[in-house]
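Asks: Once you've had a glance at the structure underneath, I'll fire off some questions.
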Amino acid sequence: MTNNVNPLLQMQNIKKDFFGNQVLTDINFTLGEGEVLGLCGENGAGKSTLMKILFGMDVIRETGGYSGDILIDGKKVEFNTPFDALEAGIGMVHQEFSLVPGFTATENILLNREPCKKNIVSEVFGDRLNTLDYKEMDRRSAAAIEKMGVAIDAKMVISDMPVGHKQFTEIARELSKDQLKLLILDEPTAVLTEKEAEALLESIRGMAARGISVIFITHRLHEILAVCDKVVVMRDGYVVRDVPTRETSVEDITKWMVGRDVQSAAVGEARTNDGGRTILSIKNLWVDMPGETVRDVSLDIREGEILGIGGLAGQGKLGIPNGVMGLYEAGGKVEFNGQEIPLNNPRKCLDSSLAFVSEDRREVGLLLDESLEWNVAFPAMQIQEKFLKKLLGGFIKWRDEKGIHQVTQKYIDELQIKCTSSKQKAKELSGGNQQKVCLAKAFALEPKFLFVSEPTRGIDVGAKALVLEALKQFNRESGVTVVMISSELEELRQTCDRIAIISGGRVAGILPAAASSEEFGLLMVSQVV
Amino acid sequence: MSTAIVLPEALKKMGFPRLIISGFLLVLFILTPFVGVDLPTQITNIINRFSWNAVLVLAMVPMIHAGCGLNFGLPLAIICGLLGGTLSIQLGFTGPMSFVMAVLIATPFAVILGGGYGLLLNRIKGGEMMIATYVGFSVMSFFCMMWLLLPYSSPTMVYGLSGNGLRPTISLDGFYNQTLARLLEIDFAKIAAALHISLGPLERIKIPTGSLIAFALLAFLMWAFLHTKTGTAMTAVGSNAAFARAAGINVDRTRMLSVIMSTWLGAMGILMYQQGFGFIQLYNAPNNLTMPTVAAILIGGASVNKASIPNVIIGTILFQGIVTMTPTVMNSAIHMDMSEVIRIIVSQGMILYALTRKAEGAK
């Protein structure tokens, strides 16, 4: 692929510790010009830290720097700030968007690098008052979008864009930089629909053909196989494998990532439960959740089953649990165990033994600044008066620290939550472990009915399997009815008995888990708005 | 490779501003004998001022816990206390009874006005601190008029010539001056006299036991409240309101409760302050306590959304220590009145520092 003597990027013996805690050990790999490197590993394996070192992020310097050498075109470099890295031709697209919502795509793509024209005022007061050359801007952003190979509307304001297009705008911004040699994509497909992800992969191939090297971080392994020239697998701060893609498979990579065999659960586990009693009945539900509007959903959920709700992003599948649980404005009729549950009142749902694990871990799911104990025990304490000692004949309800500690410890063991102690703050855990804390919180409520929304979003393969297994076990052993909402069809098919597909804010159809992917695919696009 | 300053973990935990202020206070203590200032008198002053101010600082805690930020609307709470104090005198109560009545009368005002204040703060989530500042100013200005217009008639309080309108400063002699401070007071001079021994400079130390016990009681109740179900809910609301809502907590009601608690504690705080200080101060006076009180809890290590009882105690001691020590020690040392300047730099600087920290946390 590369004819240069020196590859574009060489990482040599990179080591990094955070206050004595070794997170990277002897990282070595090389990346040639126009090569696409897939970087994968479980959460906490050190991928992000490595990329932060490469991109010269402040946090690395503040925590004592790193050791080892980074060579670009054979010359040793050291980036103290991201600006140095940008200068050297490295671009990075982060998981979180850094775009100005009120600006158009073009304005965002060329932000602070706009071509300018002189005017009278700027002649007098200096270049900072130059007029923007909109024609040239349009041309450059069009060129960048063209380079990317995915059509997005350059004139559209960011806040009006679907999430996928925001991602593409970020990529276009990096591509518009002439000196760009290496592009780092940190889980770019996590927020994309399958079709958009496909387009992104296509555009990565295009970039590589133009001689831009790409480091592609993703949890979706088939994407790595589809576009990457080689795969670097990390585990616990080590590079465990560095192989050409064509010599490997999803199974191999998974095995290397987790260091153990992950059996992909057979779809055959699904049960049929046609005679089951209806436990939750949703009639004509509408939910006003921005980006996930539910228009008219009627669903009957049978006691003891695991019902999956799938569908494309933005079609309303996330609105259903949020609406039923009263977190977004909703209307319609919801009956649980034959009794109507008032909408728009979270407390009433919780009182009726419904529980909800939100898809928004950081904003809704966790008290990031508090201990795991608080996170796990809080809802059960507030709703069911568990973990409270009654003093003075019940007048004072005193927090039972010991009980809270015990229940937290129980779930830490059961769900294998990696933490230093049950007193650790939730924000210090990795994504997968945070998700387990969210589950523990719901389990501690001992609900009769559980909504789980995107339980595996942004977590790694190992944690994913554990989370899904924990859900299944909870359903089988405690007889809890579970409704699981997920964007990943495969995951639903592994876990659920029946799967309802939401399209255009309506139920497009309900199929048994064993139905073929094509059938599901047809339902997903049937009523797309 | 970078050379970042790595502080030992213990010092880091203490926080940089607290370190500077403690250091400064320590220097003042060391300087004391050299500039001819009497240390025992200074210590008595610090203890006294602590007993006056500690409850006001404690009043910051509930609102911080519920995520309503720093209570810049403290003048509202102080007005409730002032109403309690003046009405108690107006109704003819004297001695310790006037203090009890002041507490009883201030309470319904604190609940009602605090409730209204809470209602307002629930409508402007995210901008609490700015709105609170305006609430403080406007309530105070409104009461500047009311002190003149309300039909007070007690001769100890109204202007002598016209016979109506309250005076800016009202002496509490014969009412609740030192009511709590004198309760179980430890006066080393008296102890020495009773035992016929000399305790040397120690004899100049007096400890207002009653006031300290009253603070300890309120602080204990606050601590205990934060360990109850409702208190836990309050902390959760402040930590993440969306989480609390999803867990079935009525966020608005919890915030309202915190505001009422803050207002009531503030009213108690000003009554404590008055009984120690010996005067009721009206008109613009409430405003003079806001910034020092906010600064004190921040110096104690609280942030915009986390505060504990130790924060209150440490902060009040440090802040009042500086306020007491600088005029005497610094002035004797450099023969220039720097005390006010230093006090303002410390209090405003501390608030500014805390607000910048908040922005960093939000990132």
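Asks: Shielding by partners for A:320-333, please: the mean number of other protein chain Cβ atoms within 10 Å of each residue's Cβ. Present the calculation step by step, with values, prior to reporting the outcome.
Replies: On the way: counts 0, 0, 1, 0, 0, 2, 3, 3, 0, 0, 0, 0, 0, 0.
Rounded to a whole number, the mean comes out at 1.
Asks: Would you tell me the mean number of C-beta atoms belonging to other protein chains that fall within 10 Å of each C-beta in B:231-243, as a whole number?
Replies: Neighbouring Cβ atoms belonging to other protein chains average 6 per residue here.
Asks: Here's a follow-up. So how strong a dipole does the stretch A:20-137 carry about its Cα centre when Lys and Arg Cβ are +1 and Asp and Glu Cβ are -1, to the nearest 20 debye? Intermediate values should be presented prior to the final figure.
Replies: Working: 10 positive and 18 negative charges, 39 e Å.
It comes to approximately 180 debye.
Asks: Quick one: plug the Kirkwood hydrodynamic radius of the protein assembly as shown (C-alpha pairs) into Stokes-Einstein at 4 °C, 1.567 mPa s, and report D in µm²/s.
Replies: On the way: Rh = 31.6 Å.
Translational diffusion coefficient: 41 µm²/s.
Asks: Take the alpha-carbon positions of chain A, form their convex hull, and give its projected area averaged over all directions (one quarter of the hull surface) in nm².
Replies: Numbers: hull surface 115.5 nm².
That works out to 28.9 nm², a quarter of the Cα hull's surface.
Asks: Helix-derived [θ] at 222 nm for the protein assembly as shown: sum -39500 (n - 2.57) over DSSP H runs of at least 4, divide by residue count, nearest 500? Walk me through the intermediate numbers first.
Replies: On the way: 34 runs with 420 residues, N = 892.
Taken over the protein assembly as shown, the calculation gives -14500 deg cm²/dmol.
Asks: Can I ask one more? Please compute the contact order of the stretch B:96-240 in relative form: average sequence separation of alpha-carbon pairs under 8 Å and at least six residues apart, divided by the residue count, as a percent.
Replies: Values: 96 pairs, mean separation 22.8, N = 145.
Once divided by the residue count of the stretch B:96-240, the mean separation gives 16 percent.
Asks: Please list, by residue number, every one of the chymotrypsin sites (Phe, Trp or Tyr not before Pro) in the stretch A:10-107 that is coil in DSSP and has at most 14 other beta-carbon atoms within 10 Å. Show your work: numbers first, answer last.
Replies: On the way: sites: A:Phe18, A:Phe19, A:Phe29, A:Phe55, A:Tyr66, A:Phe79, A:Phe83, A:Phe97, A:Phe103; in loops: A:Phe19, A:Phe55, A:Tyr66, A:Phe79, A:Phe97, A:Phe103.
Of the chymotrypsin sites (Phe, Trp or Tyr not before Pro), the ones in loops of the stretch A:10-107 whose Cβ has at most 14 other Cβ atoms within 10 Å are A:Phe19.
Asks: Nothing charged except the Cβ atoms of Lys and Arg (+1) and of Asp and Glu (-1): what's the magnitude of the dipole of the protein assembly as shown about its Cα centre? Round to the nearest 20 debye. Don't skip to the answer; put the middle values down first.
Replies: Numbers: 82 positive and 86 negative charges, 489 e Å.
Using only the charged Cβ atoms, the result is roughly 2340 debye.
Asks: Continuing with this model, one more query. At 30 angstrom or more along the helix axis (alpha-carbon based) and mean Kyte-Doolittle of 1.0 or higher, what helices does chain B contain? Whole DSSP H runs only.
Replies: Once both thresholds are applied, what remains is B:95-123, B:128-149.
Asks: Counting other Cβ atoms within 10 Å, keep those with at most 12, restrict to DSSP loop, and tell me which GluC sites (Glu not before Pro) in the stretch A:363-440 are left.
Replies: Numbers: sites: A:Glu363, A:Glu370, A:Glu373, A:Glu385, A:Glu401, A:Glu414, A:Glu428; in loops: A:Glu370, A:Glu385.
Qualifying residues, ordered by number: A:Glu385.
Asks: While we're here: Spin-label point model (7 Å from Cα, Cβ direction): what's the B:Ser138 to B:Thr41 distance in nm?
Replies: 4.6 nm
Asks: Which entries in the list A:Lys16/A:Lys155; A:Lys390/A:Lys423; A:Lys15/A:Lys410; A:Lys389/B:Lys306; A:Lys52/A:Lys135; A:Lys147/A:Lys427 go over 32 Å, if you measure between the two C-alpha atoms of each? Mind showing how you got there, number by number?
Replies: Values: A:Lys16/A:Lys155 43 Å; A:Lys390/A:Lys423 24 Å; A:Lys15/A:Lys410 35 Å; A:Lys389/B:Lys306 25 Å; A:Lys52/A:Lys135 36 Å; A:Lys147/A:Lys427 39 Å.
With Cα atoms farther than 32 Å apart: A:Lys16/A:Lys155; A:Lys15/A:Lys410; A:Lys52/A:Lys135; A:Lys147/A:Lys427.
Asks: Another question, if that's okay. Within a 10 angstrom radius of the beta carbon, how do A:Met289, B:Met97 rank from fewest other beta carbons to most? Show your work: numbers first, answer last.
Replies: Details: A:Met289 18, B:Met97 14.
In increasing order of surrounding Cβ atoms, one gets B:Met97, A:Met289.
Asks: Follow-up question, since we're still on this one. Within 10 Å of each Cβ in A:385-397, how many Cβ atoms from other chains are there, averaged over the peptide? Can you show the working numbers first?
Replies: On the way: counts 1, 0, 2, 3, 2, 1, 2, 0, 0, 0, 0, 6, 6.
Across the residues of A:385-397, the mean count of other-chain Cβ atoms within 10 Å is 2.
Asks: Then there is this: Can you tell me how much longer the chain between A:Phe18 and A:Thr81 gets when fully stretched, taken as 0.36 nm per residue apart minus their C-alpha distance, in nm with one decimal?
Replies: Using 0.36 nm per residue and subtracting the Cα-Cα distance, I get 20.8 nm.
Asks: OK, next. Take every Cα-Cα pair in the stretch A:430-529 and report what % of them are more than 21 Å apart. Walk me through the numbers on the way to the answer.
Replies: Working: 1850 of 4950 pairs.
For the stretch A:430-529, the share of Cα pairs beyond 21 Å comes to 37 percent.
Asks: Just rank A:His219, B:His65, A:His94, fewest to most, by other beta-carbon atoms within 10 angstrom.
Replies: Working: A:His219 21, B:His65 28, A:His94 15.
Ordered by Cβ neighbours within 10 Å, fewest first: A:His94, A:His219, B:His65.
Asks: If you average 1/r over every pair of different alpha-carbon atoms in the stretch B:248-293 and take one over that average, what Kirkwood value in Å do you get?
Replies: Working: mean 1/r = 0.0807 Å⁻¹.
That comes to 12.4 Å for the stretch B:248-293.
Since every read-out is calculated from the coordinates, none of them should be taken as a lab result. Because the structure is predicted, anything quoted here is derived from the model rather than measured. Please note: Cβ atoms are built from the backbone with ideal geometry, for glycine as well, and neighbour counts cover all protein chains shown.
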